[in-house]
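Readers should treat all values here as calculations from the given coordinates under stated rules, not as data from a laboratory. Keep in mind that what you see is a predicted model, and the values were worked out from it rather than measured. Because the Cβ atoms are built from the backbone with ideal geometry, glycine has one as well, and the counts that use them run over all protein chains shown.
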Amino acid sequence: MIQMTEIDRHLMIVLGGTGDLMRRKILPALHRLSDEGPLQGKFVILAAGRRKTFDDESYREWSRDALDDAGITVEAEVSNWCEKCLHYQSVGDQETEDFERLMRRLEEVEEEHDLPGNRVFYLATPPGAFIETAERLGEVGLDQGPGWTRIVVEKPFGHDFESARELNRRIHAHFDEDQIYRIDHYLGKETVQNLLTFRFANTLFDSVWNRDRISSVQITVSEEIGVEERAEFYDSVGALRDMVQNHLTQLLTLTAMEPPAEFEADPIRDEKVKVLRCLAPLDRNLLVRGQYVNGEIDGEKVPGYREEEGVASDSDTETFAALRVYVQNWRWQGVPFVLRTGKRMSSKLSQIVINFRCPSLAIFQRHGEATINANSLILTLQPNEGFDIEFEVKRPGDALRLETESLHFRYEEAFLELPDAYETLLMDIAEGDQTLFVRADEVEEAWRTYTSMLEDPPLLYPYEPGTNGPGEAERILVPRGEACPL
């Protein structure tokens with residue numbers, strides 16, 4: 001977000017370089033950035049993985065297949081990019097001697113490409129390997145180098161408050177906080193980034209962003225798919241850990257935060273942490289958990305969560321969660337923030353809805369057909385990223401009838417193609433900008449917020465696939481654009 005004048009040439013070392021995340025997300029994003037993109041000529045990739053049978057050439061072939069799967073046509077230019085940019089080193093069983101070999105190899109690659117010793121270590125490994133990998137890097141001296149050193153950690157960052165604090169402690173034993181980039185890919189989405197611009201650069205919204213004018217906020221991240229190939233992992237976490245604690249809470253903090261002292265990484269993250277510290281203790285009566293059962297979507301039968309391969313037949317893991325939280329400060333006192341997420345829902349949607357209060361003066365009470373609906377602001381993160389403002393207009397004709405219309409803005413209409421979230425975040429890592437990355441205290445405060453619900457969760461309700469979750473959630477949700485009393 002905060003542009004720097006020059007990007008240093010560096011080596012990108014991806015631990016977990018043969019994994020699914022590298023194949024689907026990281027590698028295509030790196031290619032788009034460096035193939036005539038803003039990072040062209042700025043980095044070389046050294047992938048590190050457990051596969052002992054891979055060498056540079058076989059890894060490049062694997063990468064060409066991955067890029068082809070991602071829709072990047074494998075032509076001479078792509079093959080040339082793979083030859084120039086990609087290298088591979090096995091770390092076998094991830095013992096100390098494996099990382100000593102990794103250190104020697106990366107030094108060889110740096111010398112071959114005349115790199116100055118700036119390094120990014122991207123942990124695209126399973127979460128259980130984060131600590132071991134960071135410690136191995138530190139043990140062999142790779143926590144510091146001839147140039148700058150940065151380490152990127154994917155979510156989930158911990159399983160609960162204690163594990164997150166322990167993970168921070170163990171990584172901080174080798175890396176300083178200003179070296180650590182904890183990724184939440186939702187923060188790389190253009191609409192999320194522009195939320196701060198939307199709020200603080202427009203007088204129209206800046207002046208009404210408080211409890212006097214806003215009645216409620218609803219944040220939704222819903223998915224049409226089930227757990228798919230993540231079933232075994234998902235069964236150990238559930239919707240609260242997988243989505244609410246990170247993605248939805250990040251959106252909450254950006255929506256509710258105070259203006260930062262300046263548009264820089266730490267002032268922005270300071271204000272996000274303040275929001276978390278102002279959250280009222282959660283009320284378990286204001287949390288509804290759900291789990292999808294078997295049913296049909298568009299005439300096609302789909303299995304229930306407990307029938308998914310890798311899920312226990314008696315699992316009580318939630319695939320849906322809806323809860324109300326309150327921010328106890330002068331700006332938001334009494335305003336409900338509703339967080340909702342689920343799988344096998346009616347649509348794929350990520351959205352923040354700001355519901356405004358009704359007009360303070362009712363002048364249409366004589367006109368029974370002049371029903372007024374409260375205004376709403378809808379920020380859509382996916383699909384079709386953009387903003388909508390719903391407002392009231394008079395319908396043409398003699399009778400006084402009001403209708404709700406909207407103004408809309410879509411990024412793709414104004415700016416054509418948007419960068420992928422991973423492209424944005426990888427650019428920020430190269431620039432050394434931590435604004436869109438989660439700080440240690442922010443991670444711990446977010447986990448602390450949900451500890452009571454994770455330790456003693458309320459009842460689990462079933463819901464049909466293709467719906468909006470269990471009916472019990474209706475008591476948690478808030479209506480959008482509700483009718484105002486005349």
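State to the nearest 20 debye the size of the charge dipole of the range 168-325 about its Cα centre, where the only charges are +1 on K and R beta carbons and -1 on D and E beta carbons.
Values: 18 positive and 30 negative charges, 170 e Å.
Dipole about the Cα centre, nearest 20: 820 debye.
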For the chain, build the charge dipole from Cβ charges (+1 Lys, Arg; -1 Asp, Glu) around the Cα centre, then report which of Gly41, Pro462, His174 sits farthest towards its positive end. Pro462
If I stretch the segment between Ala280 and Arg410 completely, what's the gain in nm (0.36 nm per residue apart, minus their alpha carbon distance), one decimal? 43.3 nm
Would you mind checking the tilt of helix 96-112 against the longest principal axis of the Cα atoms of the chain, expressed as 0 to 90 degrees and rounded to 10? 80 degrees
Relative contact order (%) - the range 307-349, alpha-carbon pairs under 8 angstrom, separation at least six: 33 percent
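Looking only at the chain, where both bridge partners belong to it, what percent of the DSSP beta bridges are antiparallel (to the nearest 5)?
The answer is about 55 percent antiparallel.
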Please report, in debye to the nearest 20, how large the charge dipole of the range 10-154 is about its Cα centre when each Lys and Arg carries +1 at its beta carbon and each Asp and Glu carries -1 there. 420 debye
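What is the local net charge at Thr191, summed over the other residues whose Cβ is closer than 14 Å to its Cβ (Lys, Arg +1; Asp, Glu -1)? Display every interim value, and only then the final one.
Details: positive: Lys189, Arg199, Arg410; negative: Glu190, Glu385, Asp388, Glu412, Glu413, Asp420.
Surrounding charge for Thr191 is -3.
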What is the extension gain from Arg331 to Glu472, computed as 0.36 nm multiplied by their sequence separation minus the C-alpha to C-alpha distance, in nm to one decimal? 47.8 nm
Let me know the shape class of the range 106-192, please: from the alpha-carbon gyration tensor, a ≥ b ≥ c as square roots of the eigenvalues, rounded when a/c is under 1.5, otherwise prolate if a/b is greater than b/c, or oblate. oblate
With the contact rule set at Cα under 8 Å and sequence spacing of 6 or more, what percent relative contact order holds for the chain? 18 percent
Nonlocal amide H pairs with Cys484, under 5 Å, H built at 1.01 Å: Ile372, Asn373, Ala374
List the cysteines in the chain whose Cβ has no other cysteine Cβ under 4.7 Å from it. Cys82, Cys85, Cys278
May I ask you to list the trypsin sites (Lys or Arg not before Pro) in the range 201-268 that are in a DSSP loop and have at most 15 other Cβ atoms within 10 Å of their Cβ? Arg211, Arg213
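For the range 45-120, state which trypsin sites (Lys or Arg not before Pro) are in a DSSP loop and have at most 12 other beta carbons lying within 10 Å of their beta carbon. The partial results should precede the final answer.
On the way: sites: Arg50, Arg51, Lys52, Arg60, Arg64, Lys84, Arg101, Arg104, Arg105, Arg119; in loops: Arg50, Arg51, Lys52.
Taking the range 45-120 and a limit of 12 other Cβ atoms within 10 Å, the loop trypsin sites (Lys or Arg not before Pro) found are Lys52.
Under a Cβ-Cβ cut-off of 14 Å, what is the net charge of the residues other than Phe130 that fall near it, where Lys and Arg count +1 and Asp and Glu count -1?
Numbers: positive: Arg136, Lys155, Arg165, Arg169, Arg170, Arg182; negative: Glu132, Glu135, Glu154, Glu166.
Neighbourhood net charge equals +2.
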Karplus-derived 3J(HN,Hα), 6.51/-1.76/1.60, for each residue of the range 292-303, Hz, glycine and proline x: 6, 10, 6, x, 10, 10, 6, x, 9, 6, 10, x
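Defining a contact as two alpha carbons under 8 Å apart and six or more residues distant in sequence, what relative contact order in percent does the range 10-154 show?
30 percent
Trypsin sites (Lys or Arg not before Pro) within the range 303-359: which are DSSP loop residues with at most 13 other Cβ atoms inside 10 Å?
Numbers: sites: Arg306, Arg324, Arg331, Arg340, Lys343, Arg344, Lys348, Arg357; in loops: Arg331, Lys343, Arg344, Lys348, Arg357.
Of the trypsin sites (Lys or Arg not before Pro), the ones in loops of the range 303-359 whose Cβ has at most 13 other Cβ atoms within 10 Å are Lys348.
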Give the aspartates and glutamates reachable from Lys394 as a straight Cα distance under 12 Å; neighbours fewer than 8 places away on the same chain don't count. Glu369, Glu403, Glu405
